[in-house]
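Asks: The structure's right below; bear with me while I get my questions together.
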Amino acid sequence: YPSLSVVVLTASKSCLPNANNNREEISMSSLIDEVLKEAGFSDAAIADVKAGKLHYGGSLDAASNKELSVKLAFHVEGKIHNIKHVFLHLPAKKKYDPTVGDLGMIATDGGDGSLEDFAGIKLSPNEVTMDKLYSNAAPGSDLNLSKDEIETFKKLGKKATHEEIENCLRQVLLDRFRAYKKNGLAGIKPYARSKKEFSAGEELKNQILHGPILKKRAPMFHKYALDYPNNKPEGVEESFFWVNSIIDDKPTIALIHRVGMPHGNEGYVYMERHFYLSRSHNCLQGIGAAMIHGDDETVVLYATRTSTDQVSGFGSTAKRTIGNKVMGGRMADNFERARKVLAASKDLSLRNLSLDD
């Protein structure tokens with residue numbers, strides 16, 4: 001299973017995002033205890049996190065039989081502005097996720113994007129294998145494509161060049177980005193399967209509905225996560241980018257939407273949504289919150305849900321149990337590396353941070 005993305009924002013000296021102003025009167029230390037306990041962390045785990053350790057809290061109550069999940073809590077150091085900027089605008093994933101090959105921002109001007117945004121996407125390594133996969137794409141194959149996208153690749157013909165296939169893929173990605181940006185979850189085309197289409201939009205929606213803490217603690221953000229792009233709360237910041245990860249020695253493209261929202265005084269909630277994955281998995285969604293702990297230090301709670309056909313069907317429960325442990329271990333390793341990247345941001349000029357870091 002792929003290593004997943006860290007999505008971290010920090011809060012200044014205030015309380016966790018909360019609809020009730022009287023939460024500001026609760027000490028931050030007590031609030032951290034309260035929230036982490038709601039998320040299922042033990043007193044010993046919370047003490048470890050406050051002491052500077054990363055704690056893997058196991059899996060979440062599954063929203064479907066296709067789901068793998070992980071919850072983590074950890075402590076990070078770093079200047080607020082730098083970490084927030086890295087999260088939204090300079091996702092330095094290559095520094096902490098060894099599966100990442102390349103990545104690029106999409107529509108940094110806030111517009112509808114262009115093919116130029118996807119120029120860096122390459123179907124490599126294994127170019128010959130990938131060309132065959134796209135040329136022979138069919139419902140239920142190794143690729144996540146809609147019925148009309150499959151037909152688009154078929155029209156290229158069996159003798160299509162590698163460049164033609166890559167160009168076609170870039171157009172598919174641009175179209176998917178624009179449809180999501182315009183219509184949100186409802187704009188995500190379903191994947192063609194051998195028996196029944198799979199809706200990543202419905203899966204992502206169910207993941208949001210299945211998590212109780214976000215709705216309780218940040219109801220406006222919860223609603224925006226469901227209704228995007230409608231009902232945008234004041235202060236929301238967002239960005240889009242693509243990532244090309246190497247999974248099973250094959251390039252795997254993700255279209256990613258990151259959203260951060262100040263709530264309360266200066267607290268933050270945040271979301272990372274992989275609204276399209278070209279293969280291996282169906283979709284992914286991470287939700288988290290950040291709580292101040294000391295000067296320029298933060299305790300982060302993060303939970304992610306990944307949908308994959310690999311754990312459904314016969315033996316689903318056992319597959320998910322094993323998959324959750326494997327993914328949890330890899331995510332914990334990634335987050336340990338990410339904490340170092342974020343801590344280093346306090347000593348870095350933002351001009352020196354780049355997508356290729």
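The values are calculated or read from the model by the stated rules, or taken from the named source; none is laboratory data. These numbers come from a predicted model, not from an experiment. Neighbour counts are summed over all protein chains in view; Cβ atoms, including those assigned to glycine, are modelled from backbone coordinates with ideal geometry. Just so you know, the surface numbers come from the protein's heavy atoms only, side chains and all, with ligands and any DNA or RNA stripped out. Shrake-Rupley method; radii C 1.70, N 1.55, O 1.52, S 1.80 Å.
Asks: Please find the FRET efficiency linking Ala51 to Leu156, where r is the Cβ-Cβ separation and R0 is fixed at 56 Å, and quote it to the nearest 0.05.
Replies: It comes out at approximately 0.50.
Asks: With every protein chain left in place, what is the accessible area per residue of the stretch 179-322 in square angstrom, probe 1.4 Å?
Replies: 38 Å²
Asks: Let me ask something else. So if we plug the beta-carbon distance of Val236 and Lys132 into 1/(1 + (r/R0)^6) with R0 = 45 Å, what FRET efficiency do we get, rounded to 0.05?
Replies: Working from the Cβ atoms, E equals 0.60.
Asks: Pick out, in residue order, every one of the chymotrypsin sites (Phe, Trp or Tyr not before Pro) in the stretch 218-314 that is DSSP loop and has at most 11 other C-beta atoms within 10 Å; say none if there are none.
Replies: Answer in residue order: Phe314.
Asks: Now for a separate question. Given 10 °C and 1.306 mPa s, compute D for the stretch 106-254 with the Stokes-Einstein relation, Rh being the Kirkwood radius over Cα pairs; round to the nearest whole µm²/s.
Replies: In µm²/s, the coefficient rounds to 93.
Asks: Another question, then. Loop-only check: which GluC sites (Glu not before Pro) in the stretch 217-249 are DSSP coil with at most 11 other Cβ within 10 angstrom?
Replies: Values: sites: Glu234, Glu237, Glu238; in loops: Glu234.
Hits after loop and neighbour filter: Glu234.
Asks: Taking the Cα centre of the stretch 232-294 as the origin and placing charges on Cβ (Lys, Arg +1; Asp, Glu -1), which of Gly235, Met261, Phe275 is farthest toward the positive end of the dipole?
Replies: Phe275
Asks: Let me check I've understood the local charge: for Asp175, count other residues with C-beta under 13 angstrom from its C-beta, Lys and Arg +1, Asp and Glu -1. What total comes out?
Replies: Summing Lys/Arg as +1 and Asp/Glu as -1 gives +2.
Asks: State the percentage of accessible surface on the stretch 200-243 attributable to carbon and sulfur atoms; use a 1.4 Å probe and exclude ligands, DNA and RNA.
Replies: Roughly 51 percent, rounded to a whole number.
Asks: On full extension of the chain, what length is gained from Lys37 through Arg178, given 0.36 nm per residue of separation minus the C-alpha to C-alpha distance?
Replies: 46.8 nm
Asks: Under 14 Å from a point 7 Å along the Cα-to-Cβ line of Ser29: which residues of the stretch 294-311 have their amide N that close?
Replies: 294-295
Asks: Would you mind working out the accessible area per residue for the stretch 97-175, using a 1.4 Å probe, and quoting it in Å²?
Replies: Each residue of the stretch 97-175 exposes 50 Å² on average to a 1.4 Å probe.
Asks: Let me ask something else about it. If amide hydrogens are placed 1.01 Å from N in the peptide plane, which non-local residues have theirs closer than 5 Å to the one on Arg279?
Replies: It is Asn144, Ile253, by chain and number.
Asks: Over 31 Å between C-alpha atoms is what I'm after, so list which of Lys50/Lys122; Lys155/Lys319; Lys50/Lys215; Lys122/Lys147; Lys154/Lys195; Lys159/Lys205 land there.
Replies: Numbers: Lys50/Lys122 42 Å; Lys155/Lys319 38 Å; Lys50/Lys215 25 Å; Lys122/Lys147 23 Å; Lys154/Lys195 20 Å; Lys159/Lys205 40 Å.
Those over the limit are Lys50/Lys122; Lys155/Lys319; Lys159/Lys205.
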